[in-house]
Structures are given as structure tokens and as C-alpha cells.
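Take a look at the structure below.
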Amino acid sequence: MEKKSYSVKEAKLKIQNFCVYQDRCHKEVIEKLRQMNMIPEAIDVIVSELIQDNFLNEERFAQSFARGKFRIKKWGRVRIVRELRLRNISKFVVDSALKEIDASEYLNTLDELARKRNAAVKETNSFKRKKKIADYLLYRGWETHLVYEKINELVK
């Protein structure tokens, strides 16, 4: 089956719509353009025009990503940083994105998650119980020292 070929103008319009629907990072846009069989020179031109026209803004993407993953999926900072680094976001932009997360809201969310998980775990052995809760919270990207403080506070 033959893939459709796009002119630079058509591709730019399609990618603008792609970016308007949801904030995107450079990596996602470049992958999408490659899937559309665009040549590297065209990709460079389109990406630079998208940045110029503010359709593509990595800082805005990182901030909305951090806010969304924290508020909706209840991810911790470690997981958010890992996911942003996978998308080739610079350390400076990642650090500014993490400032979007309110410190007290962050600790309240950890407390809420830990309490819910503690209630859900049926294990009676306190060591196994602590391990199950810790594994759950660490998988979601919460900092190790915060996780163990919280677990020691909840499970005696």
C-alpha cells in the first residue's frame, strides 16, 4: 500500500492541527513528520516555522505535561522527570516544569495515595505490606525518602 505524499504546505497545516489539539514536544512532531514521509530539510523548515508561530513550545509542553500527569495520573516528580527526559526535554525546561507542582499539594497527594494503597493491601505481615505499598508508590515516581517516611508513618 502506497503512503500519501504531502507538500510542505499541506504537511505544515496538518502538523499545526496536530499541535493545536494538544501541546506537543519537538520529538513527537518530528516523528509525525517522518511518518508522513517528509524529507529532513522539509522537517527542519516546518519545525522552525511552528516554533516561530508558537505552535510548538517545549516549555509550555513540559509545564502542561507535568501538571497533567501529577493532577490526573498522580505521578511523582521522579516519573515526570523520566518521561520528559525520554522526550529529549532539556534539564532547564524540566526544572521549570516541576515548579508548576505546588509543594503542599504534592505532599497531600502522596499522603492520599499512600493511605488508599494501605487500605487496599490485604497483607498482614508488616514488612510485606510496607514493600507492596512502597513498590506501588515508587512505580508511580515518588521520591524514595518521601515514600519510606510515609510508609513508616502509616504501617507500624
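The values are calculated or read from the model by the stated rules, or taken from the named source; none is laboratory data. All of these numbers come straight from a predicted model, not from anything done at the bench. Cβ: placed from backbone, ideal geometry, glycine included. Neighbour counts: every protein chain shown.
In the range 67-97, what residues are hydrophobic (A, V, I, L, M, F, W, C) and closer than 19 Å to L146 by Cα? If you could, list the steps in order and put the result at the bottom.
Kept after step one, since they are hydrophobic (A, V, I, L, M, F, W, C), are these residues of the range 67-97: 70, 72, 75, 78, 80-81, 84, 86, 89, 92-94, 97.
Correct list: F70, W75, V78, I80, V81.
Is the range 93-112 home to any residue that is outside the structural domain of G76 (by TED's automatic domain parsing), at positive phi, of a type outside the set (D, E) and at pLDDT 95 or above?
No, because not a single residue in the range 93-112 is outside the structural domain of G76 (by TED's automatic domain parsing), at positive phi, of a type outside the set (D, E) and at pLDDT 95 or above.
Looking at R67, R24 in this structure, which one is closer than 30 Å to E105 by Cβ and part of a helix (DSSP H, G or I)?
Working: R24 fails: part of a helix (DSSP H, G or I).
That would be R67, the only listed residue that is closer than 30 Å to E105 by Cβ and part of a helix (DSSP H, G or I).
Within the range 87-104, can you find the residues that are free of Cβ contacts under 8 Å to residues at least 12 places away in the same chain and in a helix (DSSP H, G or I)? Show your work before the answer.
Let us first name the residues in the range 87-104 that are free of Cβ contacts under 8 Å to residues at least 12 places away in the same chain, namely 91-92, 95, 99, 102-104.
Those that are free of Cβ contacts under 8 Å to residues at least 12 places away in the same chain and in a helix (DSSP H, G or I): K91, F92, D95, A103, S104.
Which residue, of A42, A62, is closer than 16 Å to S90 by Cβ and assigned to a helix (DSSP H, G or I)? Don't jump to the end; show me each part of the working.
Values: A42 fails: closer than 16 Å to S90 by Cβ.
On inspection, the qualifying residue turns out to be A62.
If you check L84, L50, L13, which single one turns out to be more than 16 Å from the chain's Cα centre (by Cα) and touching a residue at least 12 places away in the same chain (Cβ under 8 Å)? Walk me through it before giving the result.
Details: L84 fails: more than 16 Å from the chain's Cα centre (by Cα); L13 fails: touching a residue at least 12 places away in the same chain (Cβ under 8 Å).
So the residue among L84, L50, L13 that is more than 16 Å from the chain's Cα centre (by Cα) and touching a residue at least 12 places away in the same chain (Cβ under 8 Å) is L50.
So the check is Cβ under 9 Å with 6+ separation or different chains; which pairs have a first residue in the range 62-76 that's surrounded by 15 or more Cβ atoms within 10 Å (Cβ to Cβ) and a second one that's among the aromatic types (F, W, Y)?
What qualifies is A66/W75; K69/W75; F70/Y106; W75/W142; G76/F70; G76/Y106; G76/W142.
Counting only residues that are farther than 13 Å from L50 by Cα and among the charged types (D, E, K, R), which one in the range 2-26 is surrounded by the fewest Cβ atoms within 10 Å (Cβ to Cβ)? Show your work before the answer.
Pass one, the range 2-26, residues farther than 13 Å from L50 by Cα: 2-7, 10, 21-22.
Those still in the list that are among the charged types (D, E, K, R) too: 2-4, 10.
Values: E2: 4, K3: 8, K4: 7, E10: 12.
Looking at the filtered set, the residue picked out is E2.
If I go through the range 48-72 residue by residue, how many of them are farther than 23 Å from L98 by Cβ and among the aromatic types (F, W, Y)?
1
Select, from I80, I72, I30, the only residue that is farther than 30 Å from E143 by Cβ and either outside the structural domain of E112 (by TED's automatic domain parsing) or among the small types (G, A, S) (or both). Working first, answer last.
Numbers: I80 fails: farther than 30 Å from E143 by Cβ; I72 fails: farther than 30 Å from E143 by Cβ.
I30 is the lone residue from the list that is farther than 30 Å from E143 by Cβ and either outside the structural domain of E112 (by TED's automatic domain parsing) or among the small types (G, A, S) (or both).
Please go through (1) exposed (fewer than 13 other Cβ atoms within 10 Å of the Cβ); (2) acidic (D, E); (3) at pLDDT 95 or above for E41 and return the number of the only condition it doesn't satisfy.
Evaluating E41 over (1) exposed (fewer than 13 other Cβ atoms within 10 Å of the Cβ); (2) acidic (D, E); (3) at pLDDT 95 or above leaves (3) as the failure.
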